[in-house]
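**Q** Sharing a structure, written as structure tokens. Questions coming.
The values are calculated or read from the model by the stated rules, or taken from the named source; none is laboratory data. Just so you know, these numbers come straight off a predicted model, no measurement behind them. All Cβ positions, glycine included, derive from the backbone under ideal geometry; neighbour counts span all protein chains shown. Surface accessibility is based on the protein's heavy atoms, side chains included, excluding ligands, DNA and RNA. Shrake-Rupley method; radii C 1.70, N 1.55, O 1.52, S 1.80 Å.
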Protein chains: 2
Amino acid sequence: MPLTCSVFIATSSDGFIARADDNIDWLENPAYTMSATEDFGYAEFTGSIDTLVMGRRSFEKVLTFANWPYDKLPVVVLSSRTIHIPAELQTKVRNIHQEPQELVAQLETEGRRHLYIDGGETIRRFLRAGLIADMTITRLPVLLGEGIPLFGAIDHDIRLSHEWTRTFGNGFVQTKYRIVREARGDRREEDGLGRRP
Amino acid sequence: MPLTCSVFIATSSDGFIARADDNIDWLENPAYTMSATEDFGYAEFTGSIDTLVMGRRSFEKVLTFANWPYDKLPVVVLSSRTIHIPAELQTKVRNIHQEPQELVAQLETEGRRHLYIDGGETIRRFLRAGLIADMTITRLPVLLGEGIPLFGAIDHDIRLSHEWTRTFGNGFVQTKYRIVREARGDRREEDGLGRRP
């Protein structure tokens with residue numbers, strides 16, 4: 001079985017993962033607090049993955065948190081710039097500058113099986129490269145109006161397969177989609193039926 | 001009870017209601033066909049409303065359909081331009097050039113109770129004016145990458161209250177939200193806690 005790339009992310013109902021200045025205050029609204037043990041499936045998800053891949057911008061955001069939240073999970077920061085990795089994270093974090101396809105091939109040779117792809121730009125790059133297998137999206141009951149979007153431009157429609165949806169008492173709506181990988185022939189046929197010229 | 005403004009609309013999973021050229025081919029994908037009687041709640045919704053308000057762009061799109069889809073339902077086309085209303089629709093459609101607040105006040109004096117607000121720009125204008133009571137959003141399992149978005153810029157976060165979510169066998173996820181109307185005092189207090197400066 002080849003390596004799998006998954007997304008697990010929260011968005012506003014208008015599709016933003018952060019405000020324009022990377023602020024995620026709106027995620028931490030006390031109105032969303034449930035029981036102390038409710039983690040919206042996060043522990044189950046991260047228990048299934050062996051490597052976290054994020055962009056520089058997400059990494060720098062996480063560095064502002066009081067604690068490094070990923071314990072011993074290996075983290076790859078995908079960045080064309082050299083990033084500063086604090087001494088205490090040197091054994092956990094590495095900076096790689098590769099295209100998504102190359103990175104996946106490399107991590108596969110290292111024996112990695114399941115990547116957690118995080119951060120807007122990184123997710124969009126992996127989606128465009130056809131590398132995302134599934135996405136668990138948790139929509140929060142708020143409109144922000146502007147910010148960093150989860151999704152962006154793609155060169156053709158991407159069909160999704162709905163796996164399940166569950167709702168929480170605080171108004172969160174969580175849906176798991178698989179990405180439908182279309183054979184080139186299918187895609188061409190569909191082009192003739194209803195796509196943009 | 002004051003007049004109520006509701007939204008009932010389908011979007012792609014990345015939040016578009018049409019392609020950039022107004023094309024809605026992706027809504028009509030044969031893969032989404034369910035039983036002949038499944039209308040995803042549309043008849044129940046339209047049965048509860050007495051006036052449809054849409055923008056010029058939506059109206060011109062609907063005119064390209066083989067049949068006028070709204071039967072005897074009164075339609076208001078909100079447009080600052082004079083629009084051409086075909087002769088057979090003169091008794092059903094009128095063109096009004098007003099701000100949302102004024103239009104709502106006028107329709108209220110006419111005895112209207114429940115408006116169906118349709119079309120991206122019109123929905124966004126009503127949302128910004130604080131006039132939308134609830135939104136039923138049906139997300140289709142597809143990413144388009146670009147197009148006409150449902151949501152747009154707003155001058156403060158809009159909190160939503162989750163009413164219900166239901167899923168369909170074809171992958172549609174339908175959620176009804178109410179718009180939370182915040183007292184000015186509440187909003188100011190929240191500003192201090194976590195909003196943009």
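**Q** Since A:R112 meets every condition but one in (1) facing chain B (nearest Cβ under 8 Å); (2) in contact with a strand residue (DSSP E or B) (Cβ under 9 Å, 6 or more places away or on another chain), which condition does it not meet?
**A** The number of the failed condition is (1).
**Q** Got a sec? Which of B:R196, B:R184 is at the interface with chain A (Cβ under 9 Å from one of its Cβ atoms), at pLDDT below 95, open to solvent by 50 Å² or more (accessible area, probe 1.4 Å) and farther than 15 Å from B:L3 by Cα?
**A** B:R196
**Q** Cβ contacts < 7 Å: first residue at the interface with chain A (Cβ under 7 Å from one of its Cβ atoms) and of a type in the set (A, V, I, L, M), restricted to region B:143-159; second residue open to solvent by less than 20 Å² (accessible area, probe 1.4 Å) and assigned to a loop (DSSP other than H, G, I, E, B), any location; separation 6+ or different chain. Result?
**A** Pairs found: B:L143/A:D157; B:L143/B:S13; B:L144/A:D157; B:L144/B:R19; B:A153/A:G145; B:I154/A:G145.
**Q** Determine which single condition B:R125 fails, assuming it passes every other condition in (1) touching a residue at least 24 places away in the same chain (Cβ under 8 Å); (2) open to solvent by 10 Å² or more (accessible area, probe 1.4 Å); (3) part of a loop (DSSP other than H, G, I, E, B).
**A** B:R125 satisfies every listed condition except (3).
**Q** While we're on this one: Does B:T46 satisfy being touching a Leu at 6+ places or on another chain (Cβ under 8 Å) and open to solvent by less than 20 Å² (accessible area, probe 1.4 Å)?
**A** Answer is no for this residue.
**Q** Next question, about the same structure. Is it the case that some residue within region A:166-177 is under 30 Å from B:R181 (Cβ atoms), more than 13 Å from the chain's Cα centre (by Cα) and either away from chain B (no Cβ under 14 Å) or surrounded by fewer than 14 Cβ atoms within 10 Å (Cβ to Cβ) (or both)?
**A** yes
**Q** Same structure again: Can you find a residue in region B:55-68 that is closer than 17 Å to B:L150 by Cβ, touching a Gly at 6+ places or on another chain (Cβ under 6 Å) and not in a loop (DSSP other than H, G, I, E, B)?
**A** Yes, the conditions are met somewhere in region B:55-68.
**Q** Kindly provide the set of residues from region B:1-41 that are closer than 18 Å to A:A153 by Cα, facing chain A (nearest Cβ under 9 Å) and of a type in the set (D, E, K, R), ordered by number.
**A** Listed by number, the residues that qualify are B:D14, B:R19, B:D21.
**Q** A follow-up question, please. When the residues of region B:130-142 are filtered to those that are aliphatic (A, V, I, L, M) and more than 14 Å from the chain's Cα centre (by Cα), which remaining residue is farthest from the other protein chains (Cβ to nearest Cβ)?
**A** If we take residues in region B:130-142 being aliphatic (A, V, I, L, M) and more than 14 Å from the chain's Cα centre (by Cα), then B:L140 is farthest from the other protein chains (Cβ to nearest Cβ).
**Q** Which numbered condition in (1) in a helix (DSSP H, G or I); (2) open to solvent by less than 40 Å² (accessible area, probe 1.4 Å); (3) under 27 Å from A:R181 (Cβ atoms) is the only one that A:W26 fails?
**A** Single failed check for A:W26: (3).
**Q** Next up: Anything in region A:68-97 that is modelled with pLDDT of 95 or more and of a type in the set (S, T, N, Q)? List them, or say none.
**A** A:Q90, A:T91, A:N95
**Q** Given the conditions (1) within 13 Å of the chain's Cα centre (by Cα); (2) of a type outside the set (S, T, Y); (3) farther than 24 Å from B:T138 by Cα, which single one is not true for A:F8?
**A** Tallying (1) within 13 Å of the chain's Cα centre (by Cα); (2) of a type outside the set (S, T, Y); (3) farther than 24 Å from B:T138 by Cα, A:F8 fails exactly one: (3).
**Q** Does at least one position in region B:86-98 carry a residue that is closer than 30 Å to A:V142 by Cβ, in contact with a strand residue (DSSP E or B) (Cβ under 9 Å, 6 or more places away or on another chain) and open to solvent by 70 Å² or more (accessible area, probe 1.4 Å)?
**A** Taking every residue of region B:86-98 in turn, none turns out to be closer than 30 Å to A:V142 by Cβ, in contact with a strand residue (DSSP E or B) (Cβ under 9 Å, 6 or more places away or on another chain) and open to solvent by 70 Å² or more (accessible area, probe 1.4 Å).
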